Amino acid sequence: SNSNFVLELDFEPFNASFPRPSMSKSIGNGVQFLNRHLSSKLFQDKESLYPLLNFLKAHNYKGTTMMLNDRIQSLRGLQSSLRKAEEYLLSVPQDTPYSEFNHRFQELGLEKGWGDTAKRVLDTLHLLLDLLEAPDPANLEKFLGTIPMMFNVVILSPHGYFAQSNVLGYPDTGGQVVYILDQVRALENEMLLRIKQQGLDITPKILIVTRLLPDAAGTTCGQRLEKVIGTEHTDIIRVPFRNENGILRKWISRFDVWPYLETYTEDVSSEIMKEMQAKPDLIIGNYSDGNLVATLLAHKLGVTQCTIAHALEKTKYPNSDIYLDKFDSQYHFSCQFTADLIAMNHTDFIITSTFQE
C-alpha cells in the first residue's frame, strides 16, 4: 500500500495472559478492576515496581525533569530518599512553598511535581511510601492521579459547523457542539488547578479540532483559529477537508465524510504540532468520525487515546446491520460500524454513558 495508514489485523488473543472481568457488575468499572490487578501484582512481586520507578525517573515535560532524577537508582534508594524528605517536611510549616526546599529535594533525587506546599508534597510522598510498603488499589489510583501528566489535550469533532454562535440549527451539530464547549471549560479549570497543586509553572493548551468550511457564511466556521469564550488556553482550530481536486468548500453530511479522513488526519497532525509546539498528551475522539481520526492520530504520534462512546451506530439505528445492503449506499453504515470497531479496540480507555456502550 502507498497509503500512510495501513490497517493491521492481529488475530492473536490479546487477553490470553491478562485478566478480564468475568462478572457483569465489573462492566463500567474498568479502572477499579485494573488497579486491583496491578496492586495485587505489586504486592506479590516487588520487582514489578521497577517500571514505575523507571517511569518516574524518565518523566519530563519539554526537557524539564519531573518527579525523580538520576540520584535515585533503586527501589531501596527511593525509599531512603522518601524517608529523608518526609523527616524534613515534618519539621517545617505545612504551608511552606515548594520553592523553599526545591534544592534540598534535588539533592535527595526528588524533582518538581510532588506538590506546591509542604503538606501536599508530604501527602504525595506518603502515597508512594505506602505503595512501596504494601500496595493497595485505592492508594495506587490516588498516587497515579497525582503525577503531572496532562498539559496538552486535543479534542476531535471533524464533521464541522463547530462554532460558538449561529451553528446550532445545522445538521449533525447542536448537542455535540454544546457538550464539547462545556467539556473544555471544565477540563481547562481542572488542568489549571492540578498544575498549580503539583507545584508546576506550565501553561496548558486545549485544541478543539474541527473542519474548516470556507463557504459557511454568517458563522466563524471559515476562520482557522477561534478562542473559546470563558477560557484562557483553549482554541478551536479548523482544518479543511481536501482531495486531489483541492479543498472541499461546502458542507457534507457526517455520513459522507469517510473518503476524506486519512488525508485530514495528516493535515491535522501538522497543524496541531505547529500550534502546540509539542505532541499532545491526550487525544479525545467524539462520534464515529472523530474517534477514527483520533485512532489514526494517536497511532501516528504515539499518544494516549480516549474514546467517548456517546452512541454506537449499530445500536442507534435499529436493524441497520440486518438491512445493510438497503441503507449502505446512502448512509455508509459499513464504514461507520468499522470505524467504531477500530476505535473501540485501539483506544487506551473508553468513557461511556450507558451500559449498552
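May I ask for the longest run of the chain untouched by trypsin sites (Lys or Arg not before Pro) that are loop-located per DSSP and have at most 11 neighbouring C-beta atoms (other than their own) within 10 Å?
Details: sites that count: K62, K250.
Value returned for the longest uninterrupted segment is 63-249.
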Could you provide, to the nearest whole Å², the per residue accessible area of region 31-146 with probe 1.4 Å? 54
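Compute the Cα gyration tensor for region 264-350, then decide on rounded, prolate or oblate, letting a ≥ b ≥ c be the square roots of its eigenvalues: rounded whenever a/c is under 1.5, prolate when a/b is larger than b/c in the other cases, and oblate in all that remain.
prolate
If the chain between K62 and N243 were fully stretched, how many nm would it gain, using 0.36 nm times the residue separation less the Cα-Cα distance?
Details: separation 181, 0.36 × 181 = 65.16 nm, distance 3.49 nm.
Roughly 61.7 nm would be gained on extension.
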If I build a Gaussian network model for the chain, linking alpha-carbon pairs within less than 10 angstrom, which residue out of F18, F33, F241 has the largest mean-square fluctuation? F18
Label-point gap, in nm, between T219 and K274 - each point 7 angstrom along Cα→Cβ: 2.3
Cα-based shape type of the chain, given that a ≥ b ≥ c are square roots of the gyration tensor eigenvalues and the cut on a/c is 1.5: prolate
Euclidean distance of C-alpha centroids, region 181-196 and region 300-347, integer Å: 29
Comparing T210, T117, T96 in a Gaussian network model of the chain (Cα, 10 Å), the one with the largest mean-square fluctuation is T96
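Rounded to a whole number, what % of the accessible area of the chain do carbon and sulfur atoms account for, probe 1.4 Å?
Details: 9910 of 18850 Å².
Roughly 53 percent of what the probe reaches on the chain is carbon or sulfur.
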Taking region 315-357, which chymotrypsin sites (Phe, Trp or Tyr not before Pro) meet the DSSP loop condition and have no more than 12 other C-beta atoms within 10 Å? Y323, F355
Is region 302-357 best put as rounded, prolate or oblate by its Cα gyration tensor, with a ≥ b ≥ c the root eigenvalues, rounded for a/c under 1.5, and otherwise prolate when a/b is larger than b/c, oblate when not? oblate
Gain upon complete extension [T315, D267; 0.36 nm per residue less C-alpha separation]: 14.1 nm
For helix 175-197, report the angle its Cα long axis makes with the longest principal axis of the Cα atoms of the chain; keep it between 0 and 90° and round to the nearest 10°. 20
The chain, Gaussian network, Cα under 10 Å: of D116, D235, D130, the residue fluctuating most is D130
Quick one: helix 30-44 against the long Cα principal axis of the chain, what's the angle to the nearest 10°, folded into 0 to 90? 30
The pairs in K227/K300; K25/K279; K112/K205 lying past 29 Å Cα-Cα in this model are K25/K279
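Calculate the FRET efficiency for L301 and D10 from the Cβ-Cβ distance with a Förster distance of 25 Å, rounded to the nearest 0.05.
Numbers: r = 20 Å, r/R0 = 0.81.
Computed FRET efficiency for L301 and D10 comes out at 0.80.
Can you give the alpha-carbon Rg of region 31-146 over 2.2 N^0.38 Å, where N counts its residues? Provide the component values of the computation, followed by the final result.
On the way: Rg = 14.0 Å, N = 116, 2.2 N^0.38 = 13.4 Å.
Normalised Cα radius of gyration, region 31-146: 1.04.
Restricting to region 152-351, what percent of DSSP beta bridges are antiparallel, rounded to 5?
On the way: 5 of 29 bridges.
So the antiparallel bridges in region 152-351 amount to around 15 percent.
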Divide by every residue of the chain the summed helix terms, -39500 (n - 2.57) for each DSSP H run of at least 4, and state the resulting mean residue ellipticity at 222 nm, rounded to the nearest 500 deg cm²/dmol. -13500 deg cm²/dmol
Using the Cα atoms of region 157-251 to build a convex hull, what is its mean projected area in square nanometres? 6.7
What distance in nm separates the two pseudo spin-label positions at S329 and R185, each 7 Å out from Cα along the beta-carbon direction? 4.6
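Give me the number: length gained by fully extending Q197 to I27, i.e. 0.36 nm times residue separation minus the C-alpha to C-alpha distance, one decimal in nm.
On the way: separation 170, 0.36 × 170 = 61.20 nm, distance 3.23 nm.
Extra length available between Q197 and I27 comes to 58.0 nm.
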Dipole magnitude (debye, nearest 20) for region 31-146, charges at Cβ of Lys, Arg, Asp, Glu: 240
Write down the percent of antiparallel bridges among all DSSP beta bridges whose residues are both part of the chain, to the nearest 5. 25
Hey, what do the phi angles of region 283-293 turn into as Karplus ³J(HN,Hα) couplings, whole Hz, using 6.51/-1.76/1.60 and θ = phi - 60°, x for Gly and Pro? 10, 10, x, 10, 6, 4, 5, x, 5, 5, 5
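Over all pairs of distinct alpha carbons, what does the Kirkwood formula give as the hydrodynamic radius of region 140-179, in Å? Don't skip to the answer; put the middle values down first.
Working: mean 1/r = 0.0775 Å⁻¹.
Over region 140-179, the inverse of the mean reciprocal pair distance is 12.9 Å.
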Principal-axis tilt of helix 118-133 within the chain, Cα atoms, nearest 10 degrees: 90
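In debye, nearest 20, what is the charge dipole magnitude of the chain about its Cα centre with +1 on Lys and Arg Cβ and -1 on Asp and Glu Cβ, if you could check? It would help to have the intermediate numbers written out before the result.
Details: 34 positive and 43 negative charges, 89 e Å.
Using only the charged Cβ atoms, the result is roughly 420 debye.
The values are calculated or read from the model by the stated rules, or taken from the named source; none is laboratory data. Source: prediction; values computed, not measured. FYI the Cβ positions are ideal-geometry reconstructions off the backbone, even for glycines, and counts take in every protein chain you see. We work out accessible area using only protein heavy atoms, side chains counted, and drop any ligands, DNA or RNA first. Shrake-Rupley method; radii C 1.70, N 1.55, O 1.52, S 1.80 Å.
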